[in-house]
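The values are calculated or read from the model by the stated rules, or taken from the named source; none is laboratory data. Predicted model, so just to flag it, every value in this text is computed and none were measured. Virtual Cβ from ideal backbone geometry, glycine too; neighbours counted across all protein chains shown. Accessible surface is based on the protein model in full, side chains and every heavy atom, while ligands, DNA and RNA are left aside. Shrake-Rupley method; radii C 1.70, N 1.55, O 1.52, S 1.80 Å.
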Amino acid sequence: MPELPEVETTRRGIAPLLEGRLLTWAILREQRLRHAVPENLAERVAGARILSVGRRAKYLLIRHDRGGLLLHLGMSGTVRVLPVGYPAAKHDHVDLLLEGGELLRYNDPRRFGLILPTNSDPDDHPLLRDLGPEPFDPVLTGEALHQMARKRKSPLKVFLMDQKILVGVGNIYASEALFRARLDPRRLACEVSRPAWMRLLTAVREVLDEAITAGGTTLKDFRDPDGKPGYFGLHLQVYGRADEPCLSCKRPLHQLRLGGRATYYCSHCQR
DNA sequence: CCGGACGCCTGTCGGC
DNA sequence: TGCCGACAGGCGTCCG
């Protein structure tokens, strides 16, 4: 589920509540996530003072004075801030208890996400090692993308979703950015011109930025830490709109599979 | 090294 | 009504 805008929305929701607070305990109801959550999670976090809540790619990084926590929402994960004692529901796998009577509750029906305590800065975790640049990092340019794509024969959309190239773009925003840049998702990455890469990078940044402003996209599960959905779904131009008219040319949009994922595009506007 | 298929999970939806 | 397959926002591994 959550791509960069949903993770960033989650980060912004929890950061003001967490920063400077003391973690007092953790309740672990289900440890079988993408990686097993250590049995001693509570002891690992109890008494730690939270310094900051950051984000790298689609990971949330909670830094505290004894290390940190790495958190990923997978396909269906959400995090909420609730009062202590709030009854736990199905798939509420982990609670992080905070000084002052609130808790951070992690819910993830499909269990593709993760919560891992780290002894040092969670930035240094091996899971983050091979990630590409953030989409808003100035080191990322149309020229850089053009270079990286030179020998890549995968479809443009698959390339765009490769987290080693750049991070944060998932299945929804890949289709949206390609529509905005008027590029055919099936085009081979190695055959895309430098001006087209610049157009695409601009489109990626615009789409992500607008989605963050809207609080992300709620197709089904996603909620911000207050339990509110994201409203970018109202701005989706192509995702989920197979056979509906293109908002630009009125011709019906197409759907196909690329890299095993549903892909939506306009065969007239995107070349 | 690269690209494609598959698996990990649960829930939901459409077709029969 | 019930069953069964397909599919869903991510990502890692395997194999050719």
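Given axes a ≥ b ≥ c from the Cα gyration tensor, I'd like to know whether segment A:29-183 is rounded (a/c under 1.5), prolate (a/b larger than b/c) or oblate.
Note, shape of segment A:29-183 comes out prolate.
In whole Å, what is the distance between the alpha-carbon centres of segment A:134-186 and segment A:1-40?
28 Å
Of the heavy-atom accessible surface of chain A (probe 1.4 angstrom), what whole percent is carbon and sulfur?
After summing per-atom areas, the C and S share lands at 52 percent.
Over segment A:83-148, give the accessible area per residue in Å² for a 1.4 Å probe, as an integer.
So segment A:83-148 comes to 50 Å² accessible per residue, rounded to a whole number.
Using Cα pairs under 8 angstrom and six or more residues apart, how large is the relative contact order of chain A, in percent?
Dividing the mean separation by the residue count of chain A yields 19 percent.
Please report, in debye to the nearest 20, how large the charge dipole of chain A is about its Cα centre when each Lys and Arg carries +1 at its beta carbon and each Asp and Glu carries -1 there.
Magnitude of the dipole: close to 1140 debye.
Solvent-accessible area per residue for segment A:154-271 at a 1.4 Å probe radius, Å²?
On a per-residue basis, segment A:154-271 sits at 44 Å².
Give me the percent of Cα-Cα pairs in chain A that sit more than 26 Å apart, rounded to a whole number.
Within chain A, distances greater than 26 Å cover 44 percent of Cα pairs.
Helix A:4-18 against the longest principal axis of chain A: what's the angle in degrees, Cα atoms only, rounded to the nearest 10?
Rounded to the nearest ten degrees, it is 20.
Could you do me a favour and compute the accessible area per residue for segment A:1-49, 1.4 Å probe, result in Å²?
For segment A:1-49, the per-residue accessible area is 45 Å².
Treating only the Cβ of Lys, Arg, Asp and Glu as charged (+1, +1, -1, -1), what charge dipole size does segment A:131-225 show about its Cα centre? Round to the nearest 20 debye.
In total the dipole reaches around 560 debye.
Can you tell me the 0 to 90 degree angle between the C-alpha axis of helix A:171-180 and the longest principal axis of chain A, rounded to 10?
The answer is roughly 40 degrees.
Using a Förster distance of 41 Å, how high is the FRET efficiency between A:HIS125 and A:ARG251, based on the Cβ-Cβ distance and rounded to 0.05?
So the FRET efficiency works out to roughly 0.35.
Which order do peptides A:231-238, A:27-34, A:59-66 fall in by mean Cβ count within 10 Å, highest first?
Highest mean packing first, the order is A:59-66, A:231-238, A:27-34.
Please list, in order along segment A:142-156, the HN-Hα scalar couplings obtained from phi with the Karplus expression 6.51 cos²θ - 1.76 cosθ + 1.60 (θ = phi - 60°), rounded to whole Hz, x for Gly and Pro.
These are the phi-based 3J(HN,Hα) values: x, 4, 4, 5, 4, 4, 5, 8, 3, 10, 9, 9, 7, x, 3 Hz.
To test your reading of the geometry: what angle, between 0 and 90 degrees and rounded to tens, separates the Cα axis of helix A:194-213 from the longest principal axis of chain A?
40 degrees
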